[in-house]
1. Taking one equal scatterer on every alpha-carbon of the stretch 61-136, how large is log10 of I(q)/I(0) by Debye at q = 0.11, 0.14, 0.18, 0.27 1/Å?
2. Going by a ≥ b ≥ c, the root eigenvalues of the Cα gyration tensor, does the stretch 1-117 fall in the rounded group (a/c under 1.5), the prolate group (a/b larger than b/c) or the oblate group?
3. Which whole-number percentage describes the relative contact order of the stretch 1-117, with Cα contacts under 8 Å and a sequence gap of 6 or more?
4. Just want the ordering: 47, 107, 22, from fewest to most Cβ atoms lying within 10 Å of their own Cβ.
5. Which order do 29, 142 fall in if you start with the one that has the fewest other Cβ atoms within 10 Å?
6. Counting other C-beta atoms within 10 Å, which of 73, 105 has the fewest, and how do the rest follow?
7. Suppose R0 equals 35 Å; then what is the FRET efficiency for residue 83 and residue 35 from their Cβ-Cβ distance, rounded to the nearest 0.05?
8. Could you estimate the translational diffusion coefficient of the stretch 81-123 from the Stokes-Einstein equation, with Rh from the Kirkwood formula over C-alpha pairs, at 25 °C and 0.890 mPa s, in whole µm²/s?
């Protein structure tokens with residue numbers, strides 16, 4: 001690895017590069033960070049077994065991430081209908097603790113971050129039916145009816161059952177203490 005990366009790898013997230021990306025560096029992109037890093041890193045390969053090469057500039061620098069001191073834990077998703085690669089990540093923000101953020105890209109290499117705080121750090125996101133769900137630290141469950149629109153992200157302190165029955169016009173509802181096991185039996189969401 002590049003010496004400036006250090007020895008810490010945090011939050012790896014692997015995608016197969018979509019066919020609509022022009023001139024990809026490889027068939028697979030592996031995003032990762034140093035937990036106290038100054039940028040989100042990228043490795044690329046044409047085969048999962050390698051060889052893997054490091055894209056030395058990285059894909060999102062701290063100064064472009066709306067965070068202070070570090071940026072970490074990428075969680076990367078492909079939105080084929082929008083021809084977009086979306087990366088959720090976290091870092092400390094002024095006057096708050098660490099917050100989840102989002103950045104968007106058309107090629108997986110050049111990301112544009114949004115200033116909104118989405119919720120607690122370490123977002124891990126999945127889409128199921130008409131909602132996008134996220135699990136943030138420490139086990140807080142979020143959902144968004146349409147996280148692709150520009151809207152105000154919230155973190156209302158509502159209990160799970162209240163949030164389930166109350167309408168919410170904001171992007172993310174927040175649920176406390178949710179574990180996946182309490183959902184009724186339905187088709188399980190899949191990431192791959």
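None of the figures in this text is laboratory data; all of them are computed from the coordinates on show. Just so it is clear, the structure is predicted and the values come from calculations on it, not from any experiment. All Cβ positions, even for glycine, are placed from backbone atoms using ideal geometry, and neighbour counts span all protein chains on display.
1. -0.26, -0.42, -0.68, -1.32
2. oblate
3. Values: 284 pairs, mean separation 24.5, N = 117.
So the answer I get is 21 percent.
4. Going from sparsest to densest Cβ surroundings: 22, 47, 107.
5. Working: 29 24, 142 27.
Ascending number of Cβ neighbours within 10 Å: 29, 142.
6. Fewest-to-most Cβ neighbours within 10 Å comes out as 105, 73.
7. For R0 = 35 Å, the calculated efficiency reads 0.65.
8. Rounded to a whole number, D works out at 225 µm²/s.
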